[in-house]
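Please read the structure below before turning to the comments.
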Amino acid sequence: MQPIDRFILPAIASLANPELEQRLQQKVNHKTKPPGSLGALEALAVQLGLILQSTAPRIDQPQVLVFAADHGLVEEGISAFPAEVTPQMVHNFLQGGAAINVFARQHKLALQVVDAGVNAGFAPHPQLIDRKIRKGTRNALHEPAMTDTECLQALQAGMGLVRDLPGNLLLVGEMGIGNTSAASLLLARLGDLPVAECTGRGTGLDDHGLCHKTQVLQQVLAHHSEAQSPLEALAALGGLEIAMMAGALIQGASERRILLMDGFIAGVALLVAERLAPGTRAYAVFGHASAEPGHRHVLRLLEASPLLDLNLRLGEGSGAALAYPLLQSACAFINEMASFDSAGISGANP
């Protein structure tokens, strides 16, 4: 267990298990195929087996949590869309009309939307979880986005949500106008990178808008130069949905759940989670490489190889949901594909 200020983070067990890994690799190698011919799917099957501690890994009751929150920094004109789009998109999620709804229905993924800090109220809905910490973060150009207490509350709320979920696979997504800016700020600080290399067009900024966004983010970083630790950076620069996602990912890893990752913003949440609770990253499967330029840095820092590269930049968990069938296929082939012995087929020559 690791203390973080006023609460305790759960312990993250190491995936290192040489005996189980050898058994999984032998099982993969003896399938009726040339060695390594299923490429990355073979490594994925072994990883899933190590996470689930089984030579016959199976996905059970996969869960999608989409975290939504607003950002005070939007006041500085850093987004192509107005802040009111955040609650409008939450309504769209609850009506089943967003991309993540479509993909969740297609793949039979249970989906819930978490109000982490939207600047609006919502009527009760069976798919809505109210964990609102406050109605959006503060404007980080002038003051910390969150107090330390609010940041810790968001982390704890994310952890609590996962404790109450069934299943062994967690997919996190997000919605929040301005959250690519928060993610860029956190990446620049935690990765010790120039903010210009971490900043993209978000919801579709033109060249002028991108230049303005980058200049604002540089000013924010300078204003919070003292916020250097992961927790300090998260409170000063981050978003409520990012903090809550980080807590959810830490809890998921502590429970040996598969963490199926989406793109840039979810990736930054995992970077935060890994810095707070080392070992979390080992439980992550990276669904895709986002078109947001900062995501390439996230993948490098986390030593990750994404399954897909489709030039996506939507968020919501959409890219992770698209990658989900590959995890199903990895489980299917290691469990159902014949071995050379069972099929009566000669193996490779010595």
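We did not get these values from a lab; they are worked out from the coordinates using the rules stated. None of these values were measured; they are calculated from a predicted model. Using ideal geometry, Cβ is built from the backbone for each residue, glycine included, and neighbour counts are taken over all protein chains shown.
Data table
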{"read-out": "Ranking of E197, E241, E274 by count of other Cβ atoms within 10 Å, fewest first", "value": "E197, E274, E241"}
{"read-out": "Mean residue ellipticity (222 nm) of the chain, computed from DSSP H runs ≥ 4 via -39,500 (n - 2.57), nearest 500", "value": "-14500 deg cm²/dmol"}
{"read-out": "Listed residues V85, V74, V298, most fluctuating in the chain (Gaussian network, C-alpha, under 10 Å)", "value": "V85"}
{"read-out": "Proximal aspartates and glutamates to K31, defined as alpha-carbon separation beneath 13 angstrom and excluding residues fewer than eight positions away on the same chain", "value": "E42, E336, D341"}
{"read-out": "Per-peptide average of other Cβ atoms within 10 Å, ordering 94-101, 214-221 highest first", "value": "214-221, 94-101"}
{"read-out": "HN-Hα J in Hz across the range 137-142 - Karplus 6.51, -1.76, 1.60, θ = phi - 60°, x for Gly and Pro", "value": "6, 6, 6, 5, 5, 10"}
{"read-out": "Neighbour-count ranking [beta-carbon atoms within 10 angstrom, fewest first] of K213, K31", "value": "K31, K213"}
{"read-out": "20 °C / 1.002 mPa s Stokes-Einstein diffusion coefficient of the chain, Kirkwood radius on C-alpha pairs, µm²/s", "value": "105 µm²/s"}
{"read-out": "Packing-based exposure ordering (other Cβ within 10 Å, fewest first) of F93, F122, F67", "value": "F122, F93, F67"}
